[in-house]
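Quick notes on the structure that follows.
The values are calculated or read from the model by the stated rules, or taken from the named source; none is laboratory data. What you see is a predicted model; the values in this text were computed from it and never measured. Please note: Cβ atoms are built from the backbone with ideal geometry, for glycine as well, and neighbour counts cover all protein chains shown. Please note that ligands, DNA and RNA were not included when accessible areas were found on the heavy atoms of the full protein model with its side chains. Shrake-Rupley method; radii C 1.70, N 1.55, O 1.52, S 1.80 Å.
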Amino acid sequence: MSNGSYDRSVYVSPTVAAPPDLDPYTPGRGSLAFSVSRYDLTLDYRLASNRLSGRAIITGKARTPLAAISLDLSGLRASKVQLDSMRVQRFLQRGDRLIITPEEHIAPGAEFRLDIRYEGNPRPVESLWGDIGWEELTDGVLVAGQPTGASSWFPCNDHPSSKSAYTFRVTTDAGYRVVCNGKLVSRIVKSSREMWVYEQPEPMAAYLATVQIGRYQLLNLHPSAGASGRKPWSEQEPDDDVVPQFAAVPANLAQRAAAGLARQSEMMDTFVTCFGPYPFQSGYTVVVADDFLEIPLEAQSLSILGRNHLSTEWNSQRLIAHELAHQWFGNSVTLALWRDIWLHEGFACYAEWIWSEASGSLTAAERATEAWRALSAEPQDLLTGDPGPEEMFDDRVYKRGALALHSLRRVCGDSRFFGLLQAWTARFRYGSVTTEDFVELAGSSCRDTDVDPKALLERWLYRTALPDL
């Protein structure tokens, strides 16, 4: 997510500590008592009435003895719940939770399969960070779930460390394109309705799951696509050396999108060189909504821009680079707890500076100096490595995180620094991580230096005072 402002008036912070199986930044969301290996989601959505009918088949495994399975579901009503291995004694909804009680406890290590029917009029979830989740556009739908909006459209374990494979089957009005995570595997036309089926095989946190619906045409953004740039996925010849890149855009924005995203393939090449192979087989899609959006948003294998983000000026180009970088830092390698948000946003911010240098604009050192000067005038009261839920999307987390990486690069040298980033994305690909994991890897990768990498990172992450650049 790119940094923006949020309305905090809608949220009252809890006064009690979160249970040990919850993330203290998002109490009441997600659980570590069980994991989910797959979501199979079948959705029927009618745009005119904003009516959603859904079926979620959830394959999970108990980590502790389960007297009940507690899922996140906000604003939608579950009408039928079945459990494959035993009878469901009862299910009820309490606040934003769907609590399912089986007739017997589920033993640790036992797998289970839930089949849930649900329906309603989806709407964003009110949170500390504003309204998030399912959102109606002027003509379509946008879903942006970070950090707790996934429950606005399907029952889920909305804990960032719970990563799963997905199948999406979305039926909606004809004339609209549906874009979800992963690869489009089929499109079925049924009179005035169309079903779009996507497969997302690489594990994904629930907050990164998305549905985008609009009157979109698909543009091929790779330079070899030619002037028209209009090859659908089904016509795209596989090429192991090329990351497929597309833009789903309204027809009236096609030319602006082609111009605004003209250098994205160069960004991709730069980041593959610096960070390692692009992590998702389906490629990368940018969805451009025909609406003004305050900030761009990332989801796994795709990003969402507003019509106002298509400029060739630096502020738009850095955001395009920022969301692309999240495919490595945030989507493939995902934080285990929200306190470590700098592992997403600090890295994506530093990717902006890497692209600035590669594109012939300011060097990363010059961008770092600019950021340090701006931060030096800001309050020094934030811990980058544990900023608290109210401040986890504060711009200082982004910039101080990026400066921590730049300082590490200066200490280690380019060869070892970029070797560290590639080792990070390779070792923890599709996994969940903590700051401690990165500090440990940095310490072993850059141990033969005049400055201890662990001590350097500790100063940037766990002290409020701004270190010298």
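Comparing Pro279, Trp314, Leu293 along the charge dipole axis of region 260-333, the residue lying farthest to the positive side is Pro279, per the Cβ-charge model. Count Lys and Arg as plus one, Asp and Glu as minus one, and take only other residues whose Cβ is under 10 Å from that of Ser151; the net charge is then -1. When the chain is described by a simple charge dipole with +1 on each Lys and Arg Cβ and -1 on each Asp and Glu Cβ, the residue from Leu208, Leu98, Val397 located farthest towards its positive end is Leu98. With protein chains left intact and a 1.4 Å probe, residues in the chain average 40 Å² of accessible area per residue. For the chain, the list of Cys residues with no other Cys C-beta under 4.7 Å reads Cys156, Cys180, Cys274, Cys349.
Comparing Cα centroids, region 437-469 and region 316-364 end up 19 angstrom apart.
Calculated mean residue ellipticity at 222 nm for the chain: -7500 deg cm²/dmol, from DSSP H runs with n ≥ 4 weighted as -39500 (n - 2.57), summed, divided by the residue count and rounded to 500. Highest average first, the peptides 28-41, 89-102 ordered by how many other beta carbon atoms sit within 10 Å of their residues are 28-41, 89-102. Can you figure out the FRET efficiency of Arg463 with Arg193, using R₀ = 45 Å and their beta-carbon distance, to the nearest 0.05? After rounding, the FRET efficiency stands at 0.20. A simple count of charges around Leu466, restricted to other residues whose Cβ falls under 12 Å of its Cβ and scoring Lys, Arg +1 and Asp, Glu -1, yields +3. Candidates Pro124, Gln82, Phe112 compared by Cα position along the dipole of region 76-129: farthest toward the positive end lies Pro124, with charges placed on Cβ. Other residues with beta-carbon under 12 Å from the beta-carbon of Trp353 carry, at +1 per Lys or Arg and -1 per Asp or Glu, a net charge of 0.
Proximity of backbone amide H atoms, modeled 1.01 Å from N, is registered between Met204 and Ser164, Ala165 at under 5 Å, excluding neighbours fewer than 5 places apart on the same chain. By the gyration tensor of its Cα atoms, with a ≥ b ≥ c the square roots of the eigenvalues, what is the shape of region 331-464: rounded for a/c under 1.5, prolate for a/b over b/c, or oblate? Rounded, because the longest to shortest axis ratio a/c is under 1.5. Once backbone amide H atoms are built at 1.01 Å from N, Arg63 has Phe34, Ser35, Gly109 as its partners under 5 Å, excluding neighbours fewer than 5 places away on the same chain. Pairs spanning more than 28 Å between alpha-carbon atoms, out of Lys163/Lys190; Lys61/Lys183; Lys183/Lys454; Lys183/Lys399: Lys163/Lys190; Lys183/Lys454; Lys183/Lys399.
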